[in-house]
Amino acid sequence: MPYILQYKTLYICIYVNGRLTHKREREMGFSEKQETLVKESWEVMKEDIPAYSLYLYTMILEIAPEVKGLFSFLKDTNELPKNNPKLKSHAVKVFKMVCEAAIQLREKGEVVISGSTLKYLGSVHLQKQIVDPQFEVVKEALIRTVEKAMGEKCSEEMKDAWRVAYDHLAAAIKAEMKQQAAALSV
Ligand code: HEM
């Protein structure tokens, strides 16, 4: 009888814990499945950084050719430079930071960027005067890159997970840009 009670208690604990986890995930808006989908596709993209970086920029310029002049490594050229370290660096930062944002969203329910990194991200994009519609352009280009990397394995759920994580990261950068702009104008 005590054994039966122990098992019963254990099952109830597992059930309640499961329900609570799901409740927390629903409230946070980012589930373990979404985190896995983002990580899974980042693992694939990691295998060919030069190709996917180039693809991200091909998509950015296809969607909004006018942003070309913003990038130091694009403004004086008519072709996308292959294996350009600055191009790769920006693309990888976008891929990797969105992936980290996904992990944080699942773990903590929010995206927290360390103080100095956030300040740097804010100042770089403020200096370049990046505006909201341009954040949307990079998001769309990122989604197309995920589609390219994952092929048939890419699902709406996977793309949505990237969109949600990107939006949170972009919101943190935009908030910092706003704060720095306000500090400059006083
Ligand atoms: C959440 C998304 C983004 C992240 C994580 C990010 C990250 C960064 C970082 C870390 C840098 C510093 C240079 C480097 O290390 O590569 C940078 C530079 C830059 N970013 Fe972003 N960025 C994002 C979105 C955007 C968007 C939406 C635009 C607009 C088109 C943009 C345009 C630029 C430009 C023009 C530079 C300077 C690049 C250069 O000329 O060398 N970024 N970004």
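Can you name the residue in segment 112-144 that is more than 10 Å from the ligand (Cβ to nearest atom) and outside any helix (DSSP H, G or I) and is also surrounded by the most Cβ atoms within 10 Å (Cβ to Cβ) among such residues?
The extreme case among them is Val112.
Which members of segment 49-104 meet the condition of being of a type in the set (Gly, Ala, Ser) and away from the ligand (no atom under 11 Å from the Cβ)?
Ala51, Ala102
Just to verify a result, which residue in segment 75-89, among those that are free of Cβ contacts under 8 Å to residues at least 24 places away in the same chain and of a type outside the set (S, T, N, Q), is nearest to Ile113 (Cα to Cα)?
So the residue we want is Lys86.
When you scan segment 155-165, how many residues do you find that are under 19 Å from Ile60 (Cβ atoms) and either not in a helix (DSSP H, G or I) or not aliphatic (A, V, I, L, M) (or both)?
3
Quick one: would you say Glu25 is under 23 Å from the mean Cα position of the chain (by Cα), part of a helix (DSSP H, G or I) and at pLDDT below 95?
yes
The values are calculated or read from the model by the stated rules, or taken from the named source; none is laboratory data. All figures in this text were calculated on a predicted structure; none of them were measured in a lab. Cβ atoms come from the backbone with ideal geometry, glycine included; neighbour counts cover every protein chain shown.
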